[in-house]
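Visitor: What follows is a single structure, and I will ask about it in a moment.
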Amino acid sequence: MKHKKLSLKLQLFIGYLIFIAFIFLISFLFWRFSAEIEKEVGYGEKISEFLENVLEMRRYEKNYFLYHNKEDFENLEKYFLKAKNLFEILKPQLIEFNTNIKIEKIEKNFASYEDIIKILKRLSPEKIYILEKRIREHGSEILKFAESIKREEKTVLLNYIRSTKKFFLLFGLFLSLFTLTGLLLWYKLLVDSLNTLENEIKNILSGNSRKVLVPPEFRHFVETFKKTYFTFLETEKLSSLGKLLFSIAHEINNPLSNISTSIEILKNEDLDEKFKKELFNDLENEIERTKNIIHSVLDFYKVKEKTFLNLNACINNTIHLLKGYIPSRISLKIDVPKNIEIFGNKSQIQQIFINLIKNAVEAIKDVGEIEIKAFPDKDKVKIIVKDTGEGIPKEHLSRIFEPFFSTKKKGGYGIGLFVVYNLIKEHEGNIWVESEINKGTVFYIEFPLKQRDEILREDLYETL
């Protein structure tokens with residue numbers, strides 16, 4: 001069972017949703033870390049407050065035993081109660097995060113300190129020295145405890161900040177990689193879709209019937225392009241056909257005129273037998289000539305497989321078809337050896353030369369010359385089609401094989417040379433052009449020189 005491929009729009013939308021979800025995840029994690037840091041800072045503030053109260057408690061403790069001042073005792077008791085309350089608040093977190101701390105021992109110190117304060121309330125100033133040593137010992141233990149948890153909290157907070165920095169650094173790198181990967185995937189998705197579109201357009205232009213799965217978003221464009229292209233192609237075909245028919249009509253008109261004249265003469269009964277025989281011979285020759293012209297046209301339009309073609313005969317047959325189209329002011333010079341064979345489709349090869357000769361004729365506005373020559377060059381045959389026409393502007397040379405590009409001011413659809421280019425490529429050949437304004441244009445064509453045994457091997461390989 002084939003899975004239906006998601007459309008480009010849906011794929012981009014899913015990618016967008018994933019990106020938004022990732023942003024929400026980042027926001028959530030940032031909120032969690034912020035909350036944890038805030039909690040840790042709040043915990044640290046409580047510890048700082050606890051230490052400050054213990055220090056104040058110890059200060060008033062010292063003053064009381066030095067000066068026996070009642071106000072110092074009241075402050076001692078006040079800061080002790082504050083420190084004790086803060087200890088009770090901090091105790092759950094101390095138990096959770098500081099497993100090494102012996103909470104029971106500190107609780108005993110607080111309890112003993114509180115008991116001593118209660119006793120001191122009842123003693124006269126002269127007798128308080130009895131409890132000074134004990135209260136100082138318990139106070140010292142409480143202070144050591146407060147200072148130790150302050151140091152630990154500072155270390156924990158610094159470690160937490162360092163860990164957070166590392167996390168966000170790694171998270172930033174991951175986010176960058178994720179974003180870059182997402183952009184690359186989106187880019188690849190778009191490029192693949194555009195490449196698919198390009199391949200489909202190339203298939204349309206080359207006449208390839210192989211279907212390419214075009215994204216739904218581009219199907220309307222492809223259909224519109226296909227209709228427009230085939231409209232132009234049909235127009236170009238009709239234009240070429242019209243010119244070819246004009247040439248054929250001109251060629252057939254001459255023998256038909258001769259046939260008509262001979263028939264009119266034969267109607268005269270006073271002709272001697274010898275002259276009649278000559279007229280009948282002329283009729284046979286003209287009819288044969290007409291048949292040859294018609295056979296040439298039919299042969300041109302037959303769909304054939306590739307075969308070995310005599311290049312000289314192929315070019316001369318093409319010129320024969322176009323003889324009526326080429327004006328007398330343009331001379332033809334053919335220099336093609338009779339022993340050169342190429343492997344190809346006859347009608348397609350002739351179409352190449354029809355288009356090139358037709359272009360050359362249209363480029364020559366006055367008296368001029370079209371020259372066609374060919375010669376073997378290592379494992380290739382090189383063909384040169386040269387004219388003395390107007391030439392092609394330098395800035396247009398790189399585009400003349402593009403579809404719908406034409407240098408003609410009117411009547412040109414830009415299909416002829418595009419067809420030439422694709423037919424040559426189908427025959428594993430190459431074509432390039434050189435031109436100079438007011439001097440003319442030269443087309444260079446290369447076809448591979450294949451041997452008959454080489455073709456047999458290729459056919460056998462394809463069969464296997």
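What follows is calculated from the coordinates using simple rules that are stated; it is not laboratory data. Remember, predicted model here, so these are calculated numbers, not experimental data. Using ideal geometry, Cβ is built from the backbone for each residue, glycine included, and neighbour counts are taken over all protein chains shown.
Visitor: Can you give the FRET efficiency for Lys394 and Lys154, using 1/(1 + (r/R0)^6), R0 = 60 Å, r = Cβ-Cβ distance, to the nearest 0.05?
Guide: The pair Lys394/Lys154 has a calculated efficiency of 0.15.
Visitor: Give the average over all directions of the projected area of the C-alpha convex hull of segment 128-187, one decimal, in nm².
Guide: One quarter of the hull surface, i.e. the mean projection, equals 4.7 nm².
Visitor: What relative contact order, as a whole-number percentage, does segment 93-206 give when Cα pairs under 8 Å and 6 or more residues apart are counted?
Guide: 20 percent
Visitor: Assuming 0.36 nm per residue, please report the length gained on full extension of the stretch Asp335 to Ile89 beyond their Cα-Cα distance.
Guide: Gain on stretching Asp335 to Ile89: 77.6 nm.
Visitor: Semi-axes of segment 8-191's equivalent ellipsoid from the Cα gyration tensor, sqrt of 5 times each eigenvalue, largest first, rounded to whole Å?
Guide: Gyration-tensor ellipsoid for segment 8-191: 58, 12, 12 Å.
Visitor: So how much slack lies between Trp186 and Ser48, counting 0.36 nm per residue of separation and subtracting their Cα-Cα distance, in nm?
Guide: 44.4 nm
Visitor: If I take the Cα coordinates of segment 305-464 and project them onto the principal axes, what are the three extents in Å, biggest first?
Guide: 53, 30, 27
Visitor: With +1 on the Cβ of every Lys and Arg and -1 on the Cβ of every Asp and Glu, and nothing else charged, how large is the dipole of segment 314-424 about its Cα centre, in debye rounded to the nearest 20?
Guide: 160 debye
Visitor: Residues with amide H under 5 Å of Val381's amide H, sequence separation 5 or more or different chain, H placed in the peptide plane at 1.01 Å from N; which?
Guide: Phe447, Leu449
Visitor: Still on this structure, please answer the following. Given Cα pairs under 8 Å that are at least 6 residues apart, what percent is the relative contact order of segment 8-191?
Guide: Relative contact order comes out at 29 percent.
Visitor: Something else about it: With the contact rule set at Cα under 8 Å and sequence spacing of 6 or more, what percent relative contact order holds for segment 305-464?
Guide: The normalised contact order for segment 305-464 reaches 22 percent.
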